[in-house]
Amino acid sequence: MKQLEYVLANETEVLTFLKSKYPLYHLSNVFFRDIQYGIQTFFFRKKMSVGYTEAEKIARAFVAQLEKKKTLNPIDQQSWVLNHPEFRKPSVAPAVPPKPAAKPVGTAPAVQGAAAATPAATKPSLPPINRPAAVASPKPGGLPPLSRPAAGTATAKPGGLPPLKSAATAKASTQSTAPTEAPTLAAVNPTPATIPVPDPPKAEGSPVIQAASSVAPGEKKPLPPLQRATPAGPKKA
């Protein structure tokens, strides 16, 4: 297999590529799946197709070679400790280069020379303006103030309606001009005199009913005494 031969022949190149993909340092832990996927990606970058099973076989052969060289010390079946001093982690972080100093912000050289050649001339100051104090003066041709009547006095306008009267005055005038009371119904239509009404014919055996007596208005009508009915006689043939 060409891929397997290439990995075993270029051990340093493969380890450097794995270090760019995973945190591989001296005395750091290395896992089998990282090596397998790293080899598969390594050949993919070289435009060579390697399947999952083929990458696993190449990774096992590569790990066996590194174990013989004591580059990988096994922890268990899936992890190892990398013994590669070239991949030692730096103890001190590299110094950050200083940033360049910012340029001072100013005008252009030509403008600076022109400003130095022609010094700024002082502007003449004007004296303060003295204004006369404001005095209230009547306007020419003004109208005289309006004379308004005191509040509460009603004045009739020429050609208008008379002023309104107060409620007490209106009530007094209404009582004085109230019409006389109309005569009562009793005075207009007095109670007529009682007219005698003939008694209806009485049948035999019917109770005797007294004629109603006239009762003046406002008095109680007395009740008639109770009478027994007369027994009926023999019927005529």
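Every number here is computed from the coordinates shown, using simple stated rules; none is lab data. These figures come from a predicted structure and were not determined experimentally. Counting neighbours? That spans all protein chains shown, and the Cβs are built from the backbone with ideal geometry, glycine included.
Here are the numbers:
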item: Relative exposure of L223, L4, judged by other C-beta atoms within 10 Å (fewest first); result: L223, L4
item: Cβ-based net charge around Q78, under 11 Å, with every Lys or Arg adding one and every Asp or Glu removing one; result: -1
item: Residue pairs, from the table K21/K99; K47/K68; K2/K68; K57/K89; K19/K47; K21/K68, whose Cα atoms sit over 28 Å apart; result: K21/K99; K47/K68; K57/K89
item: Cα-based radius of gyration of the range 2-87 once divided by 2.2 N^0.38 Å, which approximates compact folds; result: 0.99
